[in-house]
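Data first, discussion second: the structure below is written as structure tokens.
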Amino acid sequence: PRILTVSFTPTLVDDSVAVALTATSLDVAVPTGLKLGNIVLLFIASEDADAHTFASADFTLLGSQVTNGNLRTRVGWKRFAGETGNYTITTGAVTVDEICAIVAGFKNIDPDLTLEGTATSNDNTSPYSTPAVLPTYNNSMIIGAYFRTDNVATTEPTGWTALSSAGTNMLIKAAYKSLTTPASTTGDFTAASDPTSGTLWALSLIPTQIAF
């Protein structure tokens, strides 16, 4: 018999942001409207020259990056399990100048495969181009984020949809784009002036696949 596979495009459910100055921890609200099994992504950054590691026990770390000794970024993910309230991010007891985060929840993500193509690069000259990600599946979603050591207004890549931004004296700007068919994809964030340090992340969310 012929087998037909249908993909359901990943969709943003909700996001939330938080920022703290001169802090050792940060609470960011669990996005609303999530259902069991939805995927939650975490983008966190701090600006401080003191060595520290920041993380949340709720999330699986995808990777971390230190740029010029003063911009520290991490990306993580988890499956929503019905939690309420806040996710707590800690710095390992080191007081940092600033810590900020975006938490974003998505539905229609494959329950087994989840994501692919995590990549990172450094860039402090506009346009800030995300690393290329080549998804394997139709209807995948590309997520890109730019972290910078100032809060200059930054525009998401053309044709992408922005998430909420986070930061006071620094900035996390994130956006996403859905692809009908797999293609190597980059996106250019832009701004009128450049930061001292900038870091880019990119990954691909794998859509739910149902075979008939």
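Every residue in the stretch 87-117 that is assigned to a strand (DSSP E or B), more than 18 Å from LEU163 (Cα to Cα) and open to solvent by 20 Å² or more (accessible area, probe 1.4 Å), please.
Result: THR88, THR90, ASP97, LEU115, GLU116, GLY117.
Search the stretch 36-54 for residues being open to solvent by less than 10 Å² (accessible area, probe 1.4 Å) and of a type in the set (Gly, Ala, Ser), and hand back the single one that is nearest to the chain's Cα centre (by Cα).
ALA45
For VAL152, work out the one condition from (1) open to solvent by 60 Å² or more (accessible area, probe 1.4 Å); (2) outside any strand (DSSP E or B); (3) at pLDDT 95 or above it doesn't fulfil.
It is condition (1) that VAL152 fails.
If SER25 meets every condition in (1) at pLDDT below 95; (2) in contact with a Pro (Cβ under 7 Å, 6 or more places away or on another chain) apart from one, which number is that one?
SER25 satisfies all of (1) at pLDDT below 95; (2) in contact with a Pro (Cβ under 7 Å, 6 or more places away or on another chain) except (2).
Taking the stretch 67-79, which residues are assigned to a strand (DSSP E or B) and surrounded by fewer than 17 Cβ atoms within 10 Å (Cβ to Cβ)?
Within the stretch 67-79, the first condition is being assigned to a strand (DSSP E or B), and the residues that meet it are 67, 71-79.
Selection gives ARG79 alone.
Listed here are the residues, each with its yes/no results for (1) of a type in the set (Val, Ile, Thr); (2) in contact with a Cys (Cβ under 7 Å, 6 or more places away or on another chain); (3) assigned to a strand (DSSP E or B).
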position: TYR176; (1), (2), (3): no, no, yes
position: THR181; (1), (2), (3): yes, no, no
position: THR196; (1), (2), (3): yes, no, no
position: ILE210; (1), (2), (3): yes, no, yes
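Need pairs with beta-carbon distance below 7 Å; first residue in contact (Cβ under 8 Å) with a residue 40 or more places away in the chain and within the stretch 96-117, second among the aromatic types (Phe, Trp, Tyr) and surrounded by 23 or more Cβ atoms within 10 Å (Cβ to Cβ); sequence gap 6+ or separate chains.
Note: pairs meeting the criteria are ILE99/PHE54; ALA101/PHE43; ILE102/PHE43; VAL103/TYR87.
The values are calculated or read from the model by the stated rules, or taken from the named source; none is laboratory data. None of the values given here were measured: they were computed from a predicted structure. Note: ideal-geometry Cβ built from the backbone for every residue, glycine included; neighbour counts use all protein chains shown. All accessible areas refer to the heavy atoms of the entire protein, side chains included, with ligands and DNA or RNA removed. Shrake-Rupley method; radii C 1.70, N 1.55, O 1.52, S 1.80 Å.
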